[in-house]
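Structure first, commentary second.
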Ligand code: GLN
């Protein structure tokens, strides 16, 4: 049986706008036209975690594309959760949602932002998912009475996963989460070893990221932890072809040679990774250090096509030479951990690049003014963004932020929960429904106590199929997830922003604006400018007598790229720039 790839709108050309350069960067995806079968690059890490493996993988993907190859990036996570959907944003950072409705690791966001290739359900897997598949098959009797073991059953399941779509692209980049030596990671390391062994020689390479710590007292970079990390890899049968060494200081030639000799890699394959001002410098920086050349050499691809890095030079220029600055408040709940809003902060950066300004994002905890006046916390910002979120905590503060933005004519972008809070604010303070609220915060009281302008959606249609869910269902994977179409009202602000009236955006939520309140809210001036194609689900609201106030039920931040900023973020930052000229 093996893995079934989900429905795959990802392979369709994106309907998003072209990039700055008019080049259809999204269309890099395609069949492996240059190579007859996919080459696999396995990316592992050692010494410490958080070295930026995801970023290195994404940047390498972009560099291979710049040389004309097609790529796909995958993440294999050793944790036991079946997917990150149920993990706290405080612990794991944001959940990245794919078009085909998978809740995945935030590294998939990096992959998409750097390559423009829409990720699919089959680009992310965890130990939990692998074991759950194996156990499901065991219950079904698929293993014909055999004893189920990590090797071969779990490792085979991982290998099946790795092989999905192997003939579609030139390069498949597979990142293994965690660090070498982690107990949970072992089946993955064993599986990639076997996978490369099963393939013809030269079809798979291993790239290992390590850290060279600097000892200030002796003024030296130390290579020993890297040597140990490579030994650990070798002890499980994997010999790295490329070492990417993170370092805060320049790596002297002598140290490079030492690493190369002791770790048994070529010296050109010891690639330095220095700290960068912006993550978007990574493709250029890695190219300068010879990473893409080292990879092509390791595969024996010669002569290597010359890279066209013009888009990354332009991105670099836009980041390093802004012509102004705007201050934007993100009023949220998970403000202690920036990774919880990773895609939002990146999309704001992209919006800044499109307008050639630097966006200074300030994280404001909505709970600070749950019961207080919001004005002292929000005055002075050029725009306000209220992001998605779950649960009641901080929601009164978010409602106040929406009220402040509406009254003071400050540009406002409400995303998912941020849209729902703007609707409650409109209902309470403008349409006279003083008890308006959301069923998310009060399942039991029902209509007696408050007006549920935001209600729990239990049934909807996707691809002509009705999907039904109940409050009591499991929390995992029970939301309206993935890409859905919306139809925009011609002449509305949002249609102007998008430059079109049919859009597709990614969703991740259980609750919806109740369409039965539409007339009442529209009479109060809140325009429902985007609806699901069947007209049942409000997708976008906007205030008409406001310079820029838009709430969207979906997550536009997930589709923004540095070379193709999302129109909503481009428009929002533009409005912030206009507002900054007024204050
Ligand atoms: N908690 C809200 C819902 O489930 C909003 C979700 C979100 O912001 N992603 O509908």
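Every read-out reported here was derived from the displayed coordinates using simple, explicitly stated rules and does not represent laboratory data. From a predicted model like this one, the values you see are computed outputs, not experimental measurements. Cβ sites come from the backbone with ideal geometry, for glycine too, and all protein chains shown count toward neighbours.
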> Can you give me the relative contact order of the stretch 299-436 as a percent, contacts being Cα pairs under 8 Å and 6 or more apart?
Replying inline: 23
> When a footprinting reagent is the concern and you count Cβ atoms within 10 Å, what order do 204, 527 take, fewest first?
Replying inline: 527, 204
>> If neighbour count is taken as other Cβ atoms inside 10 Å, put 545, 105 in order from fewest to most.
In response: 545, 105
> Is the stretch 281-440 best put as rounded, prolate or oblate by its Cα gyration tensor, with a ≥ b ≥ c the root eigenvalues, rounded for a/c under 1.5, and otherwise prolate when a/b is larger than b/c, oblate when not?
Replying inline: prolate
>> Can you compute the helix-only [θ] at 222 nm over the chain? Use -39500 (n - 2.57) per DSSP H run of at least 4 residues, normalise by all residues, nearest 500 deg cm²/dmol.
In response: -9500 deg cm²/dmol
>> Cut-off is 10 Å between beta-carbons; in what order do 87, 172 appear when sorted fewest neighbours first?
In response: 87, 172
> Among 519-525, 560-566, how do they line up from the highest to the lowest mean number of other beta-carbon atoms within 10 Å?
Replying inline: 560-566, 519-525
> How many percent of all Cα-Cα pairs in the chain sit more than 34 Å apart?
Replying inline: 43
>> For the chain, what does the relative contact order come out to in percent, with C-alpha contacts under 8 Å and a separation of six or more?
In response: 15
> Which peptide among 457-467, 368-378, 530-540 comes first, and what is the full order, when sorted by highest mean count of other Cβ atoms within 10 Å?
Replying inline: 530-540, 368-378, 457-467
>> Above 18 Å lies some portion of the pair distances; for the stretch 249-316, what is it as a whole percent of all C-alpha pairs?
In response: 48
> Given the convex hull over the Cα atoms of the stretch 431-583, what projected area results after averaging over all orientations, in nm²?
Replying inline: 11.2
> What do you get for Rg/Rh of the stretch 371-462 when both radii come from the Cα atoms and Rh is the Kirkwood radius?
Replying inline: 0.99
